[in-house]
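The structure appears right after this line, and notes come after that.
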Amino acid sequence: MPDHNKVTACVDHSRFADYVTDYGAWAAQRMGTLLDLLHVLDRHPETAASSSDHSGAIGLGAQDDLLQELAESERQTLLSARERGRTLLAQLRQRARDAGATEVDIRQRLGELTQTLVEQAPAIGLLVLGRRGASAERSGRDIGRHVEAIVRALHIPILTVTDAFTPPQRVLIAYDGGSMTRRAVEWVGAQPLLAGLDITVCMASTPSAQTEKTLDWARQTLQSRGMTAQVLARAGDPESVISAVLKEQNIDLLIMGAYSHSPVRKLLLGSKTADLLRASTIPTLLLR
């Protein structure tokens, strides 16, 4: 399989790594591409400290000795982390293969996660990551600290997942009728990822002739690609409308976009997005 437009799944040592791997394997199979499991070691020198008390190290050469000891401590910590990472990736590769992924690559990198992904973005067709990770588990945060930075930095589709894998069947597209949201509908129609699933296009707008015309375009675009699609318009702010429809229709995959000067952009890049992501337990595909 070609490695361009691959599915890249970011994994760490949290329990969410299994879910990310499962969704990554599902997406790679449907898209007919390889799955790339990526583990990034984010080294923080300030956390690599010797267990000894150096408060009395004031003799001649003590500073050099201390620096050497700290450097060795950091080296050993990094070596240990790399070995744990290799073990993690080997286990997850087998999990992905057991789930049906036919080609799985594993890679471990040392650096900062967002920057690593920015560098590799041209080869990524879909990025899968957990809405929470190891750092969020330790801190009790509802959303991992990397998620917002990654969404802002990358202009590729990003699938964020939270819970145990369930093959998506019912999809909701948050739509505002603008030119960029039309491109999102066209992207969905062009991808094998969502072929055969039930799709609803939802507009937070007072029903009107113009709204109906706008939604009809989305329905016809998707149906022309062989997809089952229904549309609906409902008055209210996007967050409230989306949350209500998710529950009413038992949606198991939400698609949102980040677009200029639109309510959906404000929803994605504003604080309301975090509220919606916290409230939702289903995977969310963010299109930019």
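The values are calculated or read from the model by the stated rules, or taken from the named source; none is laboratory data. Please read these numbers as outputs of a predicted model, since none were measured by experiment. Cβ coordinates were reconstructed from backbone atoms using ideal geometry, including for glycine residues, and neighbour counts include every protein chain displayed. These accessible areas exclude ligands, DNA and RNA; they are computed on the full protein's heavy atoms, side chains included. Shrake-Rupley method; radii C 1.70, N 1.55, O 1.52, S 1.80 Å.
Structure values in brief
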| read-out | value |
| --- | --- |
| Gained length - Thr228 relative to Ala90, 0.36 nm times residue gap less alpha-carbon distance | 45.8 nm |
| Residue-by-residue Karplus 3J(HN,Hα) for the range 216-228, coefficients 6.51, -1.76, 1.60, Hz, glycine and proline x | 5, 4, 4, 4, 5, 4, 6, 5, 5, 9, x, 9, 7 |
| Nearest-0.05 FRET efficiency for Asp163 and Leu79, computed from C-beta distance (R0 30 Å) | 0.35 |
| Accessible area, probe 1.4 Å, largest first, for residues His13, His39 | His13, His39 |
| Summed residue charge, Cβ within 13 Å of Ala9's Cβ, Lys/Arg positive, Asp/Glu negative | -1 |
| Charge dipole (debye, nearest 20) of the range 1-40; +1 at Cβ of Lys and Arg, -1 at Cβ of Asp and Glu | 100 |
| Trp217 accessible area, 1.4 Å probe, all protein chains in place, Å² to nearest 10 | 70 |
| Local electrostatic count, Pro192, Cβ distance below 13 Å [Lys/Arg +1, Asp/Glu -1] | +2 |
| Segment Ala190-Gln108, length gained on full extension (0.36 nm per residue, minus Cα span) | 26.4 nm |
| Gln249-Arg152 FRET efficiency (beta carbon distance; Förster radius 30 Å; 0.05 resolution) | 0.50 |
| Accessible solvent surface per residue of the range 168-238, calculated while the other protein chains remain in place, 1.4 angstrom probe, Å² | 47 |
| Potential lengthening between Leu67 and Arg97 on full extension [0.36 nm per residue; Cα-Cα distance subtracted] | 6.3 nm |
| Glu119 versus Gln220: modelled label distance in nm, points set 7 Å from Cα along the beta carbon direction | 4.8 |
